[in-house]
Amino acid sequence: MPADESPGSRPMALFACQGGVSADTEAAPMSEWHCLDTSGPDALIVRYEADLHNTLPTVDHEPTDCLGHHVDPAPTDTPDARPRTWVDNRFAVKAGALRCKGPGLGPAQPMLDNILDMKIQLGLSAAPAASSGPARVAHYLSPHDMGPVGDARWQRVRAVRICLLIRSLTPLTEAPTTYLDCEGHTQTAPTTHLYRTYTQTVLLPNVAP
């Protein structure tokens with residue numbers, strides 16, 4: 001059973017930290033993450049049940065995490081219970097790269113280079129008492145405004161909006177140019193590299209009740 005799941009409750013599917021997560025808790029379970037609440041890049045942890053269809057399996061046909069590492073099934077309380085393989089993938093921007101760490105041993109590894117910032121917005125459904133029909137995103141909140149792990153708002157997340165600030169590999173302009181950052185503010189590039197932001201909204205229909 002995941003660290004943040006109690007009997008009869010739905011497990012947390014994700015959690016995000018504004019400004020990143022402290023170095024001493026980034027490898028800890030979701031419930032132990034300590035958010036820095038700074039202006040730095042955000043951090044995101046995503047939990048799901050891994051199988052051979054939603055991951056790239058190993059040569060032995062076993063589910064994997066974001067780095068391709070095999071993940072062992074969680075122990076069960078009863079002999080007849082189906083083993084479930086829970087994966088917690090942790091995403092953060094460090095040293096100019098978007099990095100990921102799975103639940104296994106070893107440090108986070110770079111997935112994308114030349115990434116300078118990541119900002120997360122969480123799309124929430126209407127409050128349960130006011131909702132009817134299929135869950136739809138009513139509004140977006142920053143990780144800071146969502147509250148700590150265990151806040152009921154995290155169970156209402158139906159979409160994640162991710163913005164990445166990317167810098168070109170080499171200098172491409174004669175003089176520094178301007179760009180819009182992930183918060184929509186105009187910034188002047190510190191170098192003659194190109195700086196651009198890219199935003200993607202990921203819907204989470206599978207967490208809907």
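The values are calculated or read from the model by the stated rules, or taken from the named source; none is laboratory data. Just so we're clear, the structure is a prediction, and the values are computed from it rather than from any experiment. Counting neighbours? That spans all protein chains shown, and the Cβs are built from the backbone with ideal geometry, glycine included. Just the protein is used for accessible areas: all its heavy atoms, side chains included, with ligands, DNA and RNA removed. Shrake-Rupley method; radii C 1.70, N 1.55, O 1.52, S 1.80 Å.
On the phi < 0 side of the Ramachandran plot and modelled with pLDDT of 95 or more: does that describe Leu203?
no
Taking Val149 and the conditions (1) in contact with a strand residue (DSSP E or B) (Cβ under 6 Å, 6 or more places away or on another chain); (2) free of Cβ contacts under 8 Å to residues at least 40 places away in the same chain, which numbered condition does it fall short on, given that it satisfies the others?
For Val149, the failing item is (2).
Check Leu165, Leu172 and return the single one that is more than 25 Å from Tyr48 (Cα to Cα), open to solvent by less than 80 Å² (accessible area, probe 1.4 Å) and either modelled with pLDDT of 95 or more or part of a strand (DSSP E or B) (or both).
On the way: Leu172 fails: open to solvent by less than 80 Å² (accessible area, probe 1.4 Å).
Exactly one residue qualifies, and that residue is Leu165.
Inspect the stretch 129-141 for any residue being free of Cβ contacts under 8 Å to residues at least 60 places away in the same chain, in contact with a Pro (Cβ under 9 Å, 6 or more places away or on another chain) and of a type outside the set (Gly, Ala, Ser) and give the result as yes or no.
The answer is no; no qualifying residue exists.
Any idea which residue in the stretch 177-192 is farthest from Gly40 (Cα to Cα), counting only those that are part of a loop (DSSP other than H, G, I, E, B) and open to solvent by 70 Å² or more (accessible area, probe 1.4 Å)?
First, pick out the residues of the stretch 177-192 that are part of a loop (DSSP other than H, G, I, E, B): 177, 181-185, 189-192.
Checking which are open to solvent by 70 Å² or more (accessible area, probe 1.4 Å) leaves us with 183, 185, 190.
On the way: Glu183: 12, His185: 15, Pro190: 17 Å.
Across the stretch 177-192, the extreme among qualifying residues is Pro190.
Out of Ala81, Ala127, Ala95, I need the residue that is among the aliphatic types (A, V, I, L, M), loosely packed, with under 14 Cβ neighbours inside 10 Å, out of contact with any Cys (no Cβ under 6 Å at 6 or more places or on another chain) and at pLDDT 85 or above. Which one?
On the way: Ala81 fails: at pLDDT 85 or above; Ala127 fails: at pLDDT 85 or above.
Going through Ala81, Ala127, Ala95 in turn, just one is among the aliphatic types (A, V, I, L, M), loosely packed, with under 14 Cβ neighbours inside 10 Å, out of contact with any Cys (no Cβ under 6 Å at 6 or more places or on another chain) and at pLDDT 85 or above: Ala95.
Failed condition for Gly147, given (1) crowded, with 16+ Cβ neighbours inside 10 Å; (2) closer than 22 Å to Pro29 by Cα; (3) of a type outside the set (A, V, I, L, M, F, W, C); (4) modelled with pLDDT under 95, with all others met?
(1)
So for the stretch 43-65 (the condition being under 25 Å from Gln121 (Cβ atoms) and open to solvent by 60 Å² or more (accessible area, probe 1.4 Å)), does at least one residue qualify?
yes
Checking Gln155 against (1) open to solvent by 50 Å² or more (accessible area, probe 1.4 Å); (2) over 30 Å from Ala135 (Cα atoms); (3) touching a residue at least 12 places away in the same chain (Cβ under 8 Å): exactly one of these is not met. Which one?
The number of the failed condition is (2).
Of the residues in the stretch 11-42, how many are aromatic (Phe, Trp, Tyr) and open to solvent by less than 20 Å² (accessible area, probe 1.4 Å)? Working first, answer last.
Within the stretch 11-42, the first condition is being aromatic (Phe, Trp, Tyr), and the residues that meet it are 15, 33.
After this cut, where a residue has to be open to solvent by less than 20 Å² (accessible area, probe 1.4 Å) as well, the list is 15.
Of the residues in that region, 1 qualify.
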